[in-house]
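Notes for the one structure printed next.
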Amino acid sequence: MKLPDNFYFSQSNLQDYVDCPYRFYLRYFLQLKWPALVVDDALAFERRGQIGARFHHLIQQYLHGVPDNRISNLAGADPEPELAAWWEDFLQFVAPMVVGQRYVEAALSTSLGGHRLLAKFDLVLLRADRSLDIFDWKTSRRVPREALLLQRLQTRLYRLILAEAGQDLAGGQPLNPDQITMHYWYASQPDNPVSLPYSLDAFRSDRVYLGELVSEIAARSETRFGRTEDHDKCRYCVYRSHCDRGKQAGDFDAFEDVEIDPQDFGLDIEFDQIAEIAF
Ligand code: SF4
């Protein structure tokens, strides 16, 4: 069995593979859907995901030029007071940072070793000095350590793809990796975004790592997508009963401690609908 010809490697499917090759196999080869809950409190989980999605939507509107006061009214009318507080923090701490040419929800793809890689950015900002900033909004409570964020597949993939495929965003001029910085903004720590500047060394390292990773996945025979040895990875996996790794869903309160954002669930990109470069 092969991956579909139109398959794109993304941060979420690569993370699945790195966490557990068998999960990747179930989800992308067999396309087995969600047979179990991710956490024990499904309503709280869903509610949290929905607040995060509404917050992202407010930010999108702001970045597209909708006046602050109209968005503040929307945030104030939201049934979850948390959202209005996040919005106030966003206005105070982020709005002054996002000055430049904005590419909101930009999707870029590139090819590595004959395989297609895709990133969908919350925001790419082109500044007057031609530097490019990637912004990613997070509403999970826990802020990972910088070292972890640097190793995160999202960080490695997003910065690499922007360096490889982002020259159209920068007026057609070739890009140097050191023009790029990725910022994670956590609503729980609004005055302290984590900023990760890119470099040529990191770019070269990411190219090798990601190139080998996607080649390994594409070449792997169907019977060799093994189950992870790390049972912690199964706690919040929907396939745990299928794998006989426990029937009980993971604890919602501890969910944030494993640094997973509820928004990451159920937001799979429709790859077929995204052109080679679309923004
Ligand atoms: S339950 Fe565990 S072994 Fe099974 S797919 Fe999920 S992470 Fe992999």
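In the P(r) worked out for the stretch 138-206, what percent of Cα pairs fall beyond 18 Å?
Details: 946 of 2346 pairs.
Of all Cα-Cα pairs in the stretch 138-206, 40 percent lie more than 18 Å apart.
With labels modelled as points extended 7 Å from the Cα through the Cβ direction, what inter-label distance (nm, one decimal) is found for residue 215 paired with residue 151?
Here the modelled spin labels are 2.3 nm apart.
Calculate, in nm to one decimal, what residue 101 and residue 192 gain on full extension: separation in residues at 0.36 nm each, minus their alpha carbon distance. Before the final figure, lay out the partial values.
Values: separation 91, 0.36 × 91 = 32.76 nm, distance 2.29 nm.
Contour length minus Cα-Cα distance gives 30.5 nm.
Using +1 on the beta carbon of Lys and Arg, -1 on that of Asp and Glu, and nothing else charged, what's the dipole of the stretch 87-131 about the Cα centre, debye to 20? It would help to have the intermediate numbers written out before the result.
Working: 5 positive and 5 negative charges, 66 e Å.
Dipole of the stretch 87-131, to the nearest 20 debye: 320 debye.
Once the Cβ-Cβ distance between residue 204 and residue 46 is put in as r, and R0 is 41 Å, what FRET efficiency do you end up with, to the nearest 0.05? Walk me through the numbers on the way to the answer.
Values: r = 42 Å, r/R0 = 1.02.
The value I calculate is 0.50.
Among 71-84, 216-229, how do they line up by average Cβ neighbours within 10 Å per residue, starting with the highest? Before the final figure, lay out each step's value.
On the way: 71-84: 14.4, 216-229: 12.5.
Result, highest mean Cβ count within 10 Å first: 71-84, 216-229.
Where the centre of each part is set by its Cα atoms, how far does the stretch 187-221 sit from the stretch 147-175, in angstrom?
9 Å
Can you say what percent of the DSSP beta bridges in the stretch 1-122, counting only those with both residues inside, are antiparallel? Round to 5.
Details: 6 of 8 bridges.
Just about 75 percent of them are antiparallel.
Suppose the chain between residue 73 and residue 57 were pulled fully straight at 0.36 nm per residue; how much longer would it get relative to their current alpha carbon spacing? Before the final figure, lay out the partial values.
Working: separation 16, 0.36 × 16 = 5.76 nm, distance 1.39 nm.
Computed gain between residue 73 and residue 57 is 4.4 nm.
In whole percent, and with a 1.4 Å probe on the protein chains, what portion of the accessible area of the stretch 70-191 is carbon and sulfur?
So the carbon and sulfur contribution to the accessible surface is 46 percent.
Accessible area per residue, 1.4 Å probe, Å², for the stretch 13-147: what's the number?
Per-residue value: 46 Å².
How long is the stretch 1-135 along each principal axis, judged by its Cα atoms, biggest number first, in Å?
So the three principal-axis extents are 53, 45, 20 Å.
The values are calculated or read from the model by the stated rules, or taken from the named source; none is laboratory data. Keep in mind that this is a model prediction, so the values were computed, not measured. Glycine also receives a Cβ, built like all others from the backbone with ideal geometry; neighbour counts cover every protein chain displayed. For accessibility, only protein heavy atoms count, side chains too; no ligands or nucleic acids. Shrake-Rupley method; radii C 1.70, N 1.55, O 1.52, S 1.80 Å.
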